[in-house]
Amino acid sequence: MTLKLTVKKEIRTLGLDLCSPQRLVGAIVRGGVYLDGVVVFPSDPIAKSRSIASAILETRFFPELRLIMTHDAETRLDSMIIERLTKLPVIQVDTARKRNPDGFKPYRVGRKELQVKSSLLPRILQEILSITWTTGILPEPLRIAHLVARSRFFWKNTRFQANK
């Protein structure tokens, strides 16, 4: 199934980062420029694709979302289920340098290259990547979600507790 999508300069994208096993963090970004919000989904150790899709549907940002990007190194999510339930195209991104036989194709924007898998047309996918990818090795929605997931905000601080 190939999806058609109108790509505008400030396309609203949800970037989901699954690199941290403790939490699933999403960043909503307009184009590659404006951060609209950050969402932390329930931290189920084995998050099911259906529960993630229903959590996406319940966010206040859902009516304005146009696509979902995932950075899932171990491919735990089933993108087809999320795509079918949310009715939004899903772009799976892998930063691995090796050639992946499971449907990932290399895409270049400038001198940067990613392994990408999606049901979108290659021309539209290239346009989305060029809009959302401004700096770093990941497009902005995924880069921000990755930074938030790895940040100290979520660490348990046992030495200092302000309200005790």
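A short reminder: the numbers here are calculations on the coordinates, not readings from a lab. Computed from a predicted structure; not experimentally measured. With ideal geometry, Cβ positions are generated from the backbone for all residues, glycine too; neighbour counts draw on all protein chains shown.
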*asked:* Once R0 is set to 25 Å, what does the formula 1/(1 + (r/R0)^6) return for the Cβ-Cβ distance between A73 and R123, expressed as a FRET efficiency to the nearest 0.05?
replied: 0.35
*Give, as ranges by residue number, the residues of the stretch 64-87 whose backbone N falls under 14 Å from the point 7 Å along Cα→Cβ of T6.*
66
*Shape box of the stretch 12-151 [Cα atoms, principal axes, largest first, Å]*: 36, 32, 31
*asked:* 5 Å is the cut-off here: which amide hydrogens, built 1.01 Å from N in the peptide plane, fall below it relative to S119, excluding neighbours closer than 5 in sequence?
replied: V90
*Sum up the lysine pairs in the stretch 12-151 that clear both bars: alpha-carbon distance under 25 Å and a spacing of 8 or more or different chains.*
7
*Does a label point 7 Å from the Cα of V40, set along Cα-to-beta-carbon, have any residues of the stretch 53-67 with amide nitrogen under 20 Å, and which are they?*
53-62
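Full-extension gain between I81 and T59, please, as 0.36 nm times their residue separation minus the C-alpha to C-alpha distance. Walk me through the numbers before you get to the answer.
On the way: separation 22, 0.36 × 22 = 7.92 nm, distance 1.77 nm.
In short, 6.1 nm is gained.
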